[in-house]
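The values are calculated or read from the model by the stated rules, or taken from the named source; none is laboratory data. Just so we're clear, the structure is a prediction, and the values are computed from it rather than from any experiment. All Cβ positions, glycine included, derive from the backbone under ideal geometry; neighbour counts span all protein chains shown. Please note that ligands, DNA and RNA were not included when accessible areas were found on the heavy atoms of the full protein model with its side chains. Shrake-Rupley method; radii C 1.70, N 1.55, O 1.52, S 1.80 Å.
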Amino acid sequence: MGIIIKPIVTEKMNAITEKANNRFGFIVRPDANKLEIKKEVEALYNVTVVSVNTMRYAGKNKSRYTRAGIINGRTNAYKKAIVTLKEGDTIDFYSNI
């Protein structure tokens, strides 16, 4: 276990979920494959996964100007998985708040 790092709860992902009611996004470990992601989502949320689409994002260099000078940094690289569930299944991320 431990393949899923966190679910994606953003405005863009909520729009995708509203358009196709059975799609949800997760940040996953970069070395995870689609079969491992499918098994973990099914085990954690008790749903049936139809398909998994994955995307890899590279880290980007960022800099900002401050009073002390230029601060350089880098954002993290990550892997995102869009999981399509069987019709009728859903995941409620807000149930334990």
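Take ARG56, project a point 7 Å from its Cα along the Cβ direction, then tell me which residues of the stretch 74-90 have their backbone nitrogen under 15 Å from it. Of the residues in the stretch 74-90, 77-81 have backbone N under 15 Å from the label point off ARG56. Sequence-ordered 3J(HN,Hα) estimates for the stretch 10-19 from the Karplus curve with 6.51, -1.76 and 1.60 and θ = phi - 60° stand at 10, 4, 5, 5, 5, 5, 5, 5, 6, 6 Hz, glycine and proline given as x. For the chain, the share of accessible area belonging to carbon and sulfur comes to 50 percent (1.4 Å probe, ligands and nucleic acids excluded). Listed by chain and number, the lysines whose C-alpha is less than 25 Å from the C-alpha of LYS62, apart from same-chain residues fewer than 8 away, are LYS6, LYS12, LYS79, LYS80. On C-alpha positions alone, give me the angle between the axis of helix 34-45 and the longest principal axis of the chain, in degrees, nearest 10. Rounded to the nearest ten degrees, it is 70.
Think of each Lys and Arg Cβ as +1 and each Asp and Glu Cβ as -1; about the Cα centre, that makes the dipole of the chain roughly 740 debye. Here is the tail figure for the chain: Cα pairs spaced more than 21 Å apart come to 41 percent of all pairs.
The relative contact order of the stretch 19-97, computed from alpha carbon pairs under 8 Å that lie at least 6 residues apart in sequence, is 42 percent. If each DSSP helix of 4+ residues adds -39,500 (n - 2.57) and the sum is divided by the residues in the chain, what number results at 222 nm, nearest 500 deg cm²/dmol? The helix-only estimate for the chain comes to -6500 deg cm²/dmol at 222 nm.
Looking at the stretch 38-68, the trypsin sites (Lys or Arg not before Pro) that sit in a DSSP loop and have at most 14 other Cβ atoms within 10 Å of their own Cβ are LYS60, ARG67.
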